[in-house]
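Notes for the one structure printed next.
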Amino acid sequence: MRADRGAGHAVGTTLGALLAAVPLVLAGLWGAGHATHVVDLADGAAWLVSPERGLVSLVDAPTAQVAVTLRLPVADAATRVVQGRDGAYVVRGGTLARIDAATWTVGGAVVFGDEDATLAVVPGAGREAGLWVLDGRTVRLVDARTLQVRATADLRLGDDVRAVVDDRGDLWAADDERVVRVRHEHGGLQPVPQRGPGGELVLVQGRAVLVDVAAGTVRPLDGRAGVSCAQTRSRSPGAAVAGSSTSPEVFAAFGGALRVAGTDGAACGTVARVGDRDTTLGALAEVAGYVVATDPRTGGTTVVDRRTGALQTFALTFPGHRVELVVRGSTVFWNDLDGHASGLLELTGGAWRSTPVQKYDPATGAGAQVARTDTARPGPADADPETASFRIVSLTPDRALYAPGAPAVVTPEITGEPVPGEVWWWRFENLVTGAFEDFRTPGVPIAFDALPDVGEYATTLVVVRDGSVATATTTVRVVTWCALTVSTTLVDLAVDPTVQVSVDPACPVNQEITVATAPWLDADTSAATVAGASGAVTLRAVAEPPTTGPVAGALTLEVTGQPASQVRVDVVGAAP
Amino acid sequence: MLAVGAVLAAASALAPFFTGRGWVLPVALAGLAGGLLGWLVTWRRLPGWSLAPVGLVVLVVGQLYGLHAAQTRYGLPGAPALRATVDGLLSGWARMLTVTLPADASPDLLALPVGLVAAAAYGAVLLALRTRLVVGVVLPALVVLVACLALTAGRDAWALVPTVALLATALLLVLVRANRASTDDGASLADARAVGVDLAAQRRHSTAGRVLIGLPGAAAVVALAGLGASALPVADGSSRADPRAVYAPPVQVDQGLSPLVQVRPQLTDPPVPLYRVRVRSEGDPAAVDRVRLAALDRFDGALWTQGGRFVLAGSALPHTTTYASGAGTVRADVEVLTGGSLFLPVVGEPVGLTGTAAALDAASGTLVRADTDAGSGATSYTVTGLVADLDGVQDAGPAPGDPGLLALPDAPAWVAEQADDARAAGATPWAQLDALAATLRARSYDPEGLPGHSYGALERLLRAEDPVPGYAEQHASAFAVVARALGYPARVAVGYRLDPARAVDGVVDVASSDVHAWPEVLLDGYGWVAFEPTDVTNTVDAPRPDEPEVPQVAPDDAVAQPTQADDAADNSASEVGGVLARVVRTGVLVVVGVVLGLLLLAAGVVAAKAARRSRRRTRGTPARRVAAAWREACDVLREQGVPVALARTPLEVARTARVGTGPASAAGDAVAELATLVTAAVCGPAEPTDATARRAWAHAAEVRRRAASRVPLPRRVLAAVDPRTLRGPRTRGAPAPEVAPPGRDAPRAEAPVPVGAQDGAGRAG
């Protein structure tokens, strides 16, 4: 009996001792450790296309500069560029080509559909996730670098297909009638039709949400209840929608107003008025609690503070031009698809700032920092430029700008003494078209009788002397008009109502400037500006300005007859 | 004691986890406290079901006041202290697995070791005192050892000493417990004493003899184990299972622009003050001419990025490189003026950090901010780094390691051509790299050059025909790309130049325009060695040399280079002021902890006495309560220093008190009244009434009041917290049950009651 008590005592004690420690061990399973930091560094650049010029430019945000411009094989107004993780993709017709961000080359176009097909191209979630390419009938997952098809499946949607990839890596595709989720499983694609009608697809905090503007509904596709919102209902076509990455909200722009609908039902209403009631707004994007809305009719772009409803409007493009918005981190790249302008919208010190970046010279059509073509240089192939005992110090044209047909002289300066039999090779490459022509001359400066067309020409001289080679390149431009430069793009009448306008002194043509102002503004011009001259425009308010802040594009200046030369100036009004 | 010793021996395996010895005292105190608690609950004979709750409550209270006392308000636990305690207990494992080693002995990292050791010691003592388990007693210590080995697996430290210490202690413990003389031999101590036999002493001698006989065997086993482990490479700690391999910590993704793409705007934009840096080194501080912000070690052909994972770091930063020619220690006091960058500047290879919270990518030696308000900007810290001595570096080869440091995905043909040119310049890695740097330095420098460092941008810089001048971004990238093509692990570092000409009292103001980028190559025995392929004076407008520059200039030896230092060396090199301050701080904390502990103990004693008094006054029959009132009065008198002999009857005690002095005489009348009552209650034939019991307790209270009135306040306080009366009067006899008056409800004692073993009221100790 006593032994039994002792054994029971021991068991009780053992259990008690264990119970005292076990919770301590188990408790650790519920706790969270210190977060491991992963630094995801980006280059802050975006590939922006100029479809009608057949150019695509890598715009570098930190420097607000074009790092390089690539020529596309075909100039087509329908060309689109989709940003990828390590490059971009050129979509034209039913073809897709990859832009290699490493080597700055455009790969061969791969056919994924008919010539009139509209491809939707969506990068997958993650660096190795591949690229989704789909039209209404077929969805494919292709290798993001080689564009080789990994898997394919039938989709059975209409031609006007929209698609997003959520944070889990699932593709959601929709037309007006249906929604399909596509998963990549076991090496194949598994399309799963979803219940309910189709609509626009957006990502909200990484999750797919279906927006039916006509019905005024917002339906998260992860199973949560949908929301109906009268303020986001519109029967008229052309509404732009965007999802928020930071809050459970969907934004819709139509009828000149920016509206919001919370996917959790919390918010529903009009955020701000960003245009006239009959305006069909263009691209829409959300970044860090701000919504960027474009108005193609005026060329203005408005940034709306979601929390306060405060607006900032910028005159970025020509009226009527299409504008695309590309969000990279906290920077919004804007791109005039029908013109030479592009730029950055960045939040600095609590206010948004626009920095323009010119993709190509509007006067010549030559792209900024065009990558060299891979054609062989002129001259003998076996010559070694590294062993040359002489070099070309400079290659100097007699002018920077030429009028079409004007004579031009390019003078080289070369070290060392000429030797009998040395050969000079000249190449003239049109940087707009890529066409080039070679000349072989004796050792004298070359003179061109006439530079034929408007554009920018790379002039390369290769000198072969005693079997060694020296090379140099310069550029000349042929223009019919010269770009205008203004002293400021924002005039505050209360501070300084004067805008200095100037033209490149080297401009070879005479041109007049047309000045236009908003109705509430009057401009006192110093007269028509001639080549090489500069003038001033003094502004004066003759009526009450429409707003107290900057009025986008209240002053425009352009070379008469050259709409592409137009320069827009924002004006902060003052009482007349 | 042996059980607690075994637990503490096991806990000593935790040494590689922490920096310094700050963890030892808390963990040791926890072990002792756990053991003491085990002994107390055994002594108080608490039931088995209460052991776990008691242990947990004491554990939580101990953590609260032992680790988070600073967060209490006037000694009372507020929400922050409670939250910190609960977080510490809940997240102890996870936090210990998500810091770099060695870590600082901070409360959040001590929570688990302290709790585990306290619980283990508690359990071990309970098993030792309340069971007859022999080997099982060692189990808690083994659990602690396994936990400590797992937690320190990341350091590849050999835990031979703690393991052998545990083995020795455990064997001794097993030896003692296995050879205890049985107390179940059928003879009671009283019976043995009645016939003149000291059975207890015989049992002690028997146990000691057997243990002594077993000691040589245990010593032999310990020696054999120690020698065997030393001689045989079976468990040197290098391949120990690491729970970090299976634990998935929460991941925080910090997005931002690569520091390399931000070089150009900083070069050309108006300068912005960024840092104030004071460099202190064993040599010439001016020789350290730059601080490194980030080391970009991953290249995909378009962008240099940071590939590592950053883990929360303490004051000592882990490092593994062994330097062939040694390394100098450099300290930099850095004041961050703006919070624009995620990265923190370091000097050389960082081995120590104080002043701010940071996370470290140990592979690259890069620090990122980990303070909760990193976006707010200003902070200051001191970083200690090692700068390699480059003596003999000309003969160094590339260090083996991460293949990602050699990756050049889809490299164009010109990369191999450039590598061939560099390879032709010399036979050794140093000669080739040196030539490559010189070639790049000879290229024109243009701070307003085109941005980018992809293959395309580098080709624009390096092409033979119509090259486009670049700046440090392209020069450093080109060097690193070609160095990788040569087969040398290379990366691009971004940081800021320290212009000694701008130093004021040793402090250099660093502006954004001081930004720079340079390549580094991992050389065996020298760590990451910096090269300088950018000549900022060789601008586009500068006169171009007619002849190509001969690549013969070695990179600046002064460029800060990483190496690793021993923690101990780093600690010993600390400033005297810092050591004194730390000693003072630690001393204050220890004193405060001791005082708090004593206060807690005193409060416990007072509470226990109050509970006992309440129990005595309310439980049992009136006769029992009357007797209890007498025991209470006797305890009061003893606390006040009045001797109360056990052999005396209550009436004798009362007489003695009356003729006494001080508190005894003051309480004499009340004692006499109470003595009369208790004598009548114990010896009288009739059961006393409730009123009698209440009267007895009134007298007892009067005894307390009067006795206290003659005693000064300090002594009264000491009497109140005196724990001795809780144990009862000392006796030499065996414990005996209380005796109730005959014929009452209390059962009679089965064992004989020795005369003189009571305090006059029938109660034994």
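The values are calculated or read from the model by the stated rules, or taken from the named source; none is laboratory data. What you are looking at is a predicted structure, and each value in this text was computed from that prediction instead of being measured. Cβ sites come from the backbone with ideal geometry, for glycine too, and all protein chains shown count toward neighbours. SASA here: full protein model, heavy atoms, side chains in, ligands and nucleic acids out. Shrake-Rupley method; radii C 1.70, N 1.55, O 1.52, S 1.80 Å.
Any idea what angle helix A:2-27 forms with the longest principal axis of chain A, computed on alpha-carbon atoms, 0 to 90 degrees, nearest 10?
The two axes meet at around 20 degrees.
Averaged over B:302-310, how many beta carbons belonging to a partner chain fall within 10 Å of each residue's beta carbon? Each step should come with its number before you reach the end.
On the way: counts 11, 8, 2, 5, 4, 3, 3, 4, 5.
Taking the mean over all residues of the peptide, I get 5.
Could you derive backbone 3J(HN,Hα) for segment A:485-501 from the dihedral phi with the Karplus parameters 6.51, -1.76 and 1.60 (θ = phi - 60°), listing whole Hz in sequence and x where the residue is Gly or Pro?
10, 10, 5, 7, 9, 9, 10, 9, 4, 6, 9, 8, x, 9, 10, 8, 10
For chain A, with all protein chains present and a 1.4 Å probe, just round the carbon and sulfur fraction of the accessible area to a whole percent.
Values: 12970 of 24980 Å².
It is 52 percent, rounded to a whole number.
Determine the calculated [θ] at 222 nm for chain A from helices alone, applying -39500 (n - 2.57) to every DSSP H run no shorter than 4 residues and normalising by the residue count; nearest 500 deg cm²/dmol.
The per-residue figure over chain A is -1500 deg cm²/dmol.
Would you pull out the residues with amide H under 5 Å of A:ALA61's amide H, same chain only if 5 or more places away, H placed 1.01 Å from N?
Result for A:ALA61 returns A:ALA45, A:ALA46.
At 7 Å along the Cα-to-beta-carbon direction for both A:SER330 and A:ASP438, put a label point, then send me their distance in nm to one decimal.
So the two model labels end up 5.3 nm from each other.
Is the C-alpha gyration tensor of segment A:199-315 telling us rounded, prolate or oblate? Criteria: a/c under 1.5 is rounded; beyond that, a/b larger than b/c is prolate, otherwise oblate.
Working: a/c = 1.92, a/b = 1.44, b/c = 1.33.
Prolate.
Ignoring ligands, DNA and RNA, what percent of the 1.4 Å accessible area of segment B:341-436 is carbon and sulfur?
Details: 1910 of 3530 Å².
That share works out to 54 percent.
If you average the alpha carbon positions of segment A:337-351 and of segment A:178-215, how far apart do those two centres end up, in angstrom?
32 Å
Note down the magnitude of the dipole of segment A:199-315 about its Cα centre, charges +1 on Lys and Arg C-beta and -1 on Asp and Glu C-beta and zero elsewhere, to the nearest 20 debye. Don't jump to the answer; show the numbers that get you there.
Details: 11 positive and 10 negative charges, 35 e Å.
Roughly 160 debye for segment A:199-315.
Near the amide H of A:ALA117, under 5 Å away, which other amide H atoms are found, from residues 5 or more places off or on another chain, if H is placed in the peptide plane?
Close amide H contacts, sequence-distant or interchain: A:GLY94.
Given the options B:HIS319, A:PRO497, A:GLY107, identify the residue whose Cα lies farthest towards the positive end of the charge dipole of the protein assembly as shown (+1 on Cβ of Lys, Arg; -1 on Cβ of Asp, Glu).
Farthest towards the positive pole: B:HIS319.
Residues of A:59-71, mean number of Cβ from any other protein chain within 10 Å of their own Cβ, rounded to a whole number?
Details: counts 1, 6, 4, 11, 13, 2, 6, 2, 9, 7, 0, 1, 0.
Whole-number average of other-chain Cβ neighbours for A:59-71 is 5.
What does the net charge come to around A:ASP264 if you take all other residues with beta carbon closer than 11 Å to its beta carbon, with K and R at +1 and D and E at -1? Walk me through the numbers on the way to the answer.
On the way: positive: A:ARG224; negative: A:GLU249.
In short, 0.
Calculate, for segment B:259-568, the solvent-accessible area per residue in square angstrom, rolling a 1.4 angstrom probe over the heavy atoms of the protein chains. Walk me through the intermediate numbers first.
On the way: 11130 Å² over 310 residues.
Value returned for segment B:259-568: 36 Å² of accessible area per residue.
Report the Cys residues of chain A lacking a disulfide-compatible partner, meaning no second Cys Cβ under 4.7 Å from their Cβ.
Within chain A, no cysteine lacks a partner Cβ under 4.7 Å, so the list is empty.
Residue by residue through B:249-256, how many Cβ atoms from other chains fall within 10 Å of the Cβ on average? Intermediate values should be presented prior to the final figure.
Details: counts 5, 5, 4, 6, 6, 6, 7, 7.
So the per-residue partner count for this stretch is 6.
If you take the accessible area of A alone, add that of B alone, and subtract the area of the pair, what total do you get in Å², probe 1.4 Å, to the nearest 100? Mind showing how you got there, number by number?
Details: alone 27730 and 37230 Å², together 59720 Å².
In total, chains A and B hide about 5200 Å² from solvent.
Arrange the peptides B:105-117, B:678-690 so that the one whose residues have, on average, the most other Cβ atoms within 10 Å appears first.
On the way: B:105-117: 25.1, B:678-690: 16.7.
Top to bottom by mean Cβ count within 10 Å: B:105-117, B:678-690.
I need the phi-derived Karplus couplings for segment A:459-472: 6.51 cos²θ - 1.76 cosθ + 1.60, θ = phi - 60°, integer Hz, Gly and Pro marked x.
10, 10, 10, 10, 10, 10, 9, 6, x, 9, 10, 10, 9, 7
Taking the Cα centre of segment A:385-478 as origin and charging only Cβ (+1 Lys, Arg; -1 Asp, Glu), how large is the dipole, in debye to the nearest 20? Present the calculation step by step, with values, prior to reporting the outcome.
Numbers: 6 positive and 12 negative charges, 20 e Å.
The dipole magnitude comes to about 100 debye.
Within the set of other residues whose C-beta is less than 13 Å from the C-beta of A:THR331, count the net charge using Lys and Arg as +1 and Asp and Glu as -1.
-1
Hey, can you grab everything whose amide H is under 5 Å from the amide H of B:VAL529? Only 5+ residues off in sequence or another chain; H modelled, so Pro and N-termini drop out.
For B:VAL529, the qualifying residues are B:VAL521, B:LEU522, B:LEU523.
What ranking, highest mean first, results for peptides A:138-145, A:273-280 when packing means the other Cβ atoms within 10 Å averaged over each residue?
Details: A:138-145: 20.0, A:273-280: 16.4.
Top of the packing list down: A:138-145, A:273-280.
Provide the packing ranking of A:234-240, B:447-453, B:642-648, i.e. peptides ordered by the mean count of other C-beta atoms within 10 Å per residue, highest first. Walk me through the numbers before you get to the answer.
Details: A:234-240: 14.4, B:447-453: 24.3, B:642-648: 16.3.
Final packing ranking: B:447-453, B:642-648, A:234-240.
Could you please report the charge total around A:THR538, scoring K, R as +1 and D, E as -1 over all other residues with beta-carbon less than 15 angstrom from its beta-carbon?
Values: positive: A:ARG540; negative: A:ASP492, A:ASP496, A:ASP522, A:ASP524.
The answer is -3.
Residue separation times 0.36 nm, minus the C-alpha to C-alpha distance between B:THR539 and B:ARG280: what's the value? Intermediate values should be presented prior to the final figure.
Details: separation 259, 0.36 × 259 = 93.24 nm, distance 3.32 nm.
Separation in residues times 0.36 nm, less the Cα-Cα distance, equals 89.9 nm.
Kindly report the accessible area of segment A:484-572 per residue (heavy atoms of protein chains, probe 1.4 Å, no ligands, DNA or RNA), in Å².
Details: 4180 Å² over 89 residues.
Ligands and nucleic acids excluded, the result is 47 Å² per residue.
Quote the charge dipole size of chain A about the Cα centre in Debye, to the nearest 20; the model charges only the Cβ of Lys and Arg (+1) and of Asp and Glu (-1). Could the numbers behind the result be given before it?
Numbers: 45 positive and 63 negative charges, 445 e Å.
It comes to approximately 2140 debye.
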